[in-house]
Amino acid sequence: MSVAQQPGDAPTQAQTAVQSQSQTAGGRAPILQGKGLIKTFGRVIGLDGVDIELYAGEVLAVIGDNGAGKSTLIKCLSGAYTLDGGELQLDGKPVNFKRPQDARDSGIETVYQTLAVIPALDIASNLYLAREERRAGPLGSVLRMLDKGGMRDRASDSVQKLGIQTIQNMGQAVETLSGGQRQAVAVARAAAFGSKVVILDEPTAALGVKEGNAVLEMIKQLRENGVPIILISHNMPHVWEVADRIHIQRLARRAGVITPQSHTMQEGVAIMTGAMTADGKDAKKIAAEEETL
């Protein structure tokens, strides 16, 4: 994708940024790639031939209006939905997720808006939920005793790697934490086990300004740690702050891929709503010209 340019014109800053981004992506293979993804619900089309690429060490934001197919796309990538068509590749190899556990086993972790934490359990237990570790030797194999001390130590390491300073006691019950701290626990769990990809669904939606900024810092830290991230968000300032590339969904299709350097927030919203195309053209003018042909 490149911004429209007339022959002989000097490239604009937006065009240069998009071309540079395209060349960088073109020189390496994506970690996760979807080609022509299709998902239908009876007569309702959720995804209509969507392409998506996620590269190592980047934050790929996915934006779009309600009903554009964002949630459907993410659920197909995370195994919550099975695809009806198209191909999904992880590390260049075709994958076919039938359930969320298949995606998790492949190294794809998802943090949904609901967080899926158990308030009555402590932080360490939530981080190791369904992945509990048992003690070594007969205590673990025969008596099936959990390695609670080891899990708390490793949970503390995971939290510290994300630079989270507001959580210190891994034995603290999640129900005593604030909304931002609970989000931090969910993100830390995804980071600890998401060896390939971490997907974050509206991670700042229910948070205040201070807690939202703390989550953004966690996302930046994840990127610095080399973890590729897919971020779904309606918060445009947050998207333009942390995203390397922005995938725009519209009417079950990909309307384009832009960068914060090539397009402003206003232009991104215009593409999202159909007022503008990704190459900078007026969508209504294009439609009028096509009608006259």
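The values are calculated or read from the model by the stated rules, or taken from the named source; none is laboratory data. Note that the structure is a prediction, hence the values are computed from the model and not measured. No Cβ is skipped: glycine too gets one built from the backbone with ideal geometry, and neighbour counts run over all protein chains shown. Calculation scope for accessible area: heavy atoms of the full protein, side chains included, ligands and nucleic acids excluded. Shrake-Rupley method; radii C 1.70, N 1.55, O 1.52, S 1.80 Å.
Quick look at the numbers
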quantity	calculated
Segment Asn96-Asp84, extension gain: residue separation times 0.36 nm, minus the distance between their alpha carbons	3.2 nm
Gyration tensor verdict on the stretch 123-224 (Cα atoms; rounded if a/c is under 1.5, prolate if a/b is larger than b/c, oblate otherwise)	prolate
Scattering profile of the stretch 76-128 at q = 0.14, 0.21, 0.30 Å⁻¹ [log10 I(q)/I(0), Debye over alpha-carbon scatterers]	-0.46, -0.81, -1.21
Thr259, Thr114, reordered so the largest accessible area comes first (probe 1.4 Å)	Thr114, Thr259
Net length gained if the chain between Ala130 and Thr176 were fully extended (0.36 nm per residue, minus Cα distance)	14.4 nm
Inter-centroid distance (Cα atoms) of the stretch 199-252 relative to the stretch 39-70, Å	16 Å
His234-Thr114 FRET efficiency (beta carbon distance; Förster radius 25 Å; 0.05 resolution)	0.95
Surface accessible to a 1.4 Å probe, Leu121 within the full protein complex, Å²	60 Å²
Stokes-Einstein D in µm²/s, Kirkwood radius over Cα pairs - the stretch 145-293 at 10 °C with 1.306 mPa s viscosity	90 µm²/s
Peptide ranges 154-163, 68-77 listed from the most packed, as the mean C-beta count within 10 angstrom indicates	68-77, 154-163
3J(HN,Hα) from dihedral phi, the stretch 185-197, Karplus parametrisation 6.51/-1.76/1.60, rounded to Hz, x for glycine, proline	4, 5, 5, 4, 5, 5, 5, 5, 10, x, 6, 10, 9
Cβ-defined net charge surrounding Tyr128, 14 Å radius [Lys, Arg +1; Asp, Glu -1]	+1
